[in-house]
Amino acid sequence: MNRRPRSCRWLAVFLLLAHLLSPLHVHGLTIGEERKIGEQLLFSVRKEFPILDDPDISQYINRFGKKVLENIGPQYFTYRFFVVKSNEFNAFAAPGGLVFFFTGLIQQMTNEDQLLSVLAHEIGHVVSRHIAQRLDKGTKISALSLIAGIAGIALGVPGLSQGLLTGSLAAGQAANLQYSREDEEQADRLSFGWMRQMHRDPSAMGDMLKTMRRITRYSMGSEVPKYLLTHPDPDARLGYVESLLESAQLKEAAPQYVKTDNFEFLRFKYRVLVQSMDPGSLRAYCAMAATSAPTREQQVMARYGLALVEGEDRNYEEALRQLAAVREQYPQREILEIDRAVLLMGSGRYDEARIILEQARKRNSSDLYGAYQLGRIELMSGNNSRAEQLFQQVVVALPEFPQVYFDLGQIEANRGRDGVSGMYLGKYNLFRGKIKIARQYLTRASKDKSVPEKMRAEAKAILEKLKELEKET
């Protein structure tokens with residue numbers, strides 16, 4: 001199948017955004033304009049990069065983000081947090097409260113406080129509305145320059161980072177729109193304060209900056225890591241963070257920070273890595289960590305990573321053996337029972353898996369990971385109504401999770417309702433970034449009288465939105 005060159009796709013989206021955003025005021029972005037840009041950007045990111053929409057991963061990162069937001073107060077935006085499959089060492093906050101973490105960055109983290117430090121820093125940029133404020137200062141900025149920056153972010157040309165937005169603008173007409181040291185200090189200062197407010201150790205900020213500095217030096221002479229384009233000068237930032245830490249120690253001789261249990265973070269990390277790393281490389285990574293990681297916690301959870309790798313290779317008995325060792329160390333962690341059920345499902349032991357998942361559901365009916373896995377078993381067993389009920393619970397909480405629409409489409413196909421099945425397949429492809437295929441399914445569904453009126457109306461509304469977000473080339 002022929003695929004358009006990346007430069008052509010960049011030009012197509014550039015022209016689309018030029019058409020859509022040309023009315024923007026050049027003296028600054030309104031809240032509504034930021035939301036609109038964020039929506040357009042998310043569709044573009046989905047087209048260019050796989051987003052890890054697994055309910056377990058999404059549930060963790062969004063719940064974690066909400067913990068920070070609870071300490072901030074009312075916000076202009078509804079924040080959403082995503083994990084992007086890319087080996088780049090990068091994270092960025094986009095207009096409209098979208099925060100993206102790249103899997104290459106997560107791989108470098110060793111504990112939850114480090115993840116929190118990066119997440120809080122990115123939220124600091126959004127809360128401070130740094131992009132909008134800098135546009136206020138750039139009186140000669142054209143809407144076209146703004147659009148070029150957004151297209152650069154959306155398609156990774158030359159890289160996917162918020163710093164390139166301001167960098168593109170600065171290269172055009174206003175050097176004063178470059179991401180400034182003051183912006184970085186403000187985001188770090190906010191992150192530092194929020195971490196202390198949450199009784200989490202802010203020294204993790206320094207640890208991540210040291211990692212950034214190490215990667216910077218290692219990368220000398222090769223391509224600069226994208227995170228450095230977004231957040232330049234790690235040495236200066238490290239010095240500033242260390243001054244904040246010293247000041248806090250002078251005011252409070254022995255700060256009382258929560259001793260972080262990193263079980264949830266490490267489990268999240270390995271679930272991210274199993275979907276983003278080469279299996280052979282991940283196996284070696286986990287095997288080394290299982291014997292030489294600096295803490296017992298990290299060693300044990302490396303065996304969790306090995307269990308996932310073995311499961312991916314369909315070595316289910318070995319996967320169950322590795323997982324049993326982790327369960328022995330964490331007997332109260334009920335989520336590991338769901339992991340065990342998933343491995344049992346893979347090996348064809350559906351009855352055992354169903355019993356475990358039903359028990360997990362009784363303990364926590366709101367857990368989306370367990371609900372989705374139980375729905376899969378019910379679907380495979382032909383219990384379409386129960387499967388649909390469970391999948392719809394997932395849809396309500398995670399309306400952009402593509403696979404659940406594929407599963408709902410299969411249920412409707414089993415019922416002989418091909419029109420409704422096509423509607424769900426349209427949404428499945430929509431959230432996978434397959435816009436052309438999505439449009440075909442949705443167009444048919446919008447005209448099919450066998451499809452309920454409410455669904456036809458939804459299909460038409462999505463198609464209208466797609467006209468705004470992308471045009472045929």
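Structure shown: which of K47/K210; K47/K467; K436/K465; K427/K467; K67/K434; K36/K85 lie over 21 Å apart, alpha-carbon to alpha-carbon? Walk me through the intermediate numbers first.
Numbers: K47/K210 33 Å; K47/K467 15 Å; K436/K465 13 Å; K427/K467 16 Å; K67/K434 33 Å; K36/K85 24 Å.
K47/K210; K67/K434; K36/K85, as the Cα separations exceed 21 Å there.
When ranked by the protection proxy of mean other Cβ atoms within 10 Å per residue, highest first, what sequence do the peptides 76-87, 423-434 form?
Numbers: 76-87: 18.4, 423-434: 22.7.
Descending packing order for the listed peptides: 423-434, 76-87.
Kindly write out, for region 338-348 in residue order, the coupling ³J(HN,Hα) from the Karplus curve 6.51 cos²θ - 1.76 cosθ + 1.60 (θ = phi - 60°), rounded to whole Hz, with x marking Gly and Pro.
5, 4, 5, 4, 4, 5, 5, 4, x, 8, x
Can you work out the Karplus-derived ³J(HN,Hα) for every residue in region 187-194? Use 6.51 cos²θ - 1.76 cosθ + 1.60 with θ = phi - 60°, whole Hz, and x for glycine or proline.
5, 5, 5, 5, 4, 4, x, 5
Rounded to whole Å, give me the distance from the Cα center of region 391-428 to that of region 242-308.
Measuring centre to centre over Cα atoms gives 36 Å.
Per-residue accessible area for R35 at 1.4 Å probe radius, Å² rounded to 10?
Near enough 120 Å² of accessible area.
What are the extents of the Cα atoms of region 242-294 along their three principal axes, listed from largest to smallest and rounded to whole Å?
49, 20, 19
How large is the convex hull of the Cα atoms of region 29-88 per residue, expressed in Å³ as a whole number?
Details: hull volume 6.7 nm³, N = 60.
Taking only Cα atoms, region 29-88 has a hull volume of 112 Å³ per residue.
Just order 366-372, 454-460 by mean Cβ neighbour count inside 10 Å, highest at the front, would you? It would help to have the intermediate numbers written out before the result.
Details: 366-372: 21.0, 454-460: 15.9.
Final packing ranking: 366-372, 454-460.
Considering the convex hull of the alpha carbon atoms of region 419-462, report its projected area averaged over all viewing directions, in nm², one decimal. Before the final figure, lay out each step's value.
Details: hull surface 9.5 nm².
Quarter of the Cα hull surface area: 2.4 nm².
Normalising by the residue count of region 27-118, find the relative contact order in percent from Cα pairs under 8 Å and 6+ residues apart. Kindly include the intermediate steps, with their values, before the conclusion.
On the way: 106 pairs, mean separation 25.4, N = 92.
Across region 27-118, relative contact order equals 28 percent.
The values are calculated or read from the model by the stated rules, or taken from the named source; none is laboratory data. These figures come from a predicted structure and were not determined experimentally. Ideal geometry is used to build each Cβ from the backbone, glycine not excepted, and the neighbour counts take in all protein chains shown. For accessibility, only protein heavy atoms count, side chains too; no ligands or nucleic acids. Shrake-Rupley method; radii C 1.70, N 1.55, O 1.52, S 1.80 Å.
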